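Structure first, then comments.
The values are calculated or read from the model by the stated rules, or taken from the named source; none is laboratory data. Keep in mind that this is a model prediction, so the values were computed, not measured. As a convention, Cβ positions derive from the backbone with ideal geometry for all residues, glycine included, and neighbour counts pool all protein chains shown. With ligands, DNA and RNA removed, areas are computed over all heavy atoms of the protein, side chains included. Shrake-Rupley method; radii C 1.70, N 1.55, O 1.52, S 1.80 Å.
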Amino acid sequence: MLKIAVCVSGGGTNLQAIIDAIDSKKITNAEISVVISNNKNAYALERAKKHGIEAICISPKDFENRDEFNRSFLEKLDSYHVDLVVLAGFLVVIPKAMIEKYQNKIINIHPSLIPSFCGKGYYGLKVHEGVLSRGVKVTGATVHFVDEGTDTGPIILQKAVEVQEGDTPEVLQRRVMEQAEWQIMPKAIDLIANGKVSVCDRCVHIAE
Ligand code: GRF
């Protein structure tokens, strides 16, 4: 059974998609051990509690400096002995020590087709603003392993979504979540939980 920690900062719709997929057995061989938020007001924490999942908050605001927060965050995460860390709308820069310790064990969802609209400055609605201001016709979402760069890790799954005339960033974000994020994130977890994902030379291979 793959033990998962899900890290969140906000509404937690991706977390909900994972919970639902576990309940409906679209994800097998996996369980969520803990949900960790950096924001005590994140609705994602409520979603976890409603499902009887342990939900904790570790806020940088409660620490003297970033190093202290990073150390404490990693210590807490380690204490759950998880096999996979899922970043589901987690708006915290992942400390280097954590990336080294959890190599190919941290996955992230990014709301564009990487390598388009990724890197510093492209997060959340900013991605969709960028897509719309360039008149892009097709966008989507990407699930990837996290490495030391920003949105540079090996890509696991991607799904394309049409941009429509008259879209606002909010409308486009919703479509990308519904048609791509909430599908490929649970799918990627299921593939990992069932031993179908391997990484070689920074490329992901998915077994049949
Ligand atoms: C998603 O669009 C995700 O791609 C981005 O932040 C959003 C998180 O939404 N990084 P939610 O908290 O899962 O509802």
**OP:** For each pair in 3/120; 49/126; 50/187; 26/137; 61/159; 76/159, compute the distance between the two Cα atoms and list the pairs where it is over 28 Å.
**Re:** 3/120; 49/126; 26/137; 61/159; 76/159
Original post:
Within a Cβ distance under 12 Å of residue 153, other residues only, what is the Lys/Arg minus Asp/Glu net charge?
Top reply: -1
**OP:** Just check region 1-123 against the gyration tensor rule for me: Cα atoms, a ≥ b ≥ c as the square roots of the eigenvalues, rounded for a/c under 1.5, and otherwise prolate or oblate depending on whether a/b exceeds b/c.
**Re:** rounded
Original post:
Size of the dipole of region 2-206 about the Cα centre, Lys and Arg at +1 and Asp and Glu at -1 on the beta carbon, nothing else charged, in debye to 20?
Top reply: 180
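Calculate what fraction, in whole %, of the accessible area of region 2-206 sits on carbon and sulfur atoms when a 1.4 Å probe is rolled over the protein chains. Numbers along the way, then the final one.
Values: 5000 of 10340 Å².
Here carbon and sulfur together make up 48 percent of the probe-accessible area.
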**OP:** Count the net charge of all other residues whose Cβ sits under 10 Å from the Cβ of residue 117, scoring Lys and Arg as +1 and Asp and Glu as -1.
**Re:** 0
Subject >> Cut-off 14 Å (backbone N to label point 7 Å along Cα→Cβ of residue 133), residues of region 81-117 >> reply: 117
Original post:
Could you give the nm distance between label points at residue 80 and residue 40, where each point is 7 Å from its Cα heading toward the beta carbon?
Top reply: 1.9
Subject >> Dipole axis of region 33-140 (+1 Lys, Arg; -1 Asp, Glu on Cβ), positive-most option in 44, 86, 123 >> reply: 123
Original post:
Taking R0 as 25 Å, what's the FRET efficiency between residue 123 and residue 64 from their Cβ-Cβ distance, rounded to 0.05?
Top reply: 0.45
**OP:** Label region 152-202 by shape, choosing from rounded, prolate and oblate, from the square roots a ≥ b ≥ c of the eigenvalues of the Cα gyration tensor; if a/c is under 1.5 it is rounded, and otherwise prolate applies when a/b is larger than b/c, oblate when it is not.
**Re:** prolate
Subject >> Other-chain or far-sequence residues with amide H under 5 Å of residue 122's (modelled H) >> reply: none
**OP:** Based on a Kirkwood Rh over C-alpha pairs, give the Stokes-Einstein translational diffusion coefficient of region 2-206 at 37 °C and viscosity 0.692 mPa s in µm²/s.
**Re:** 191
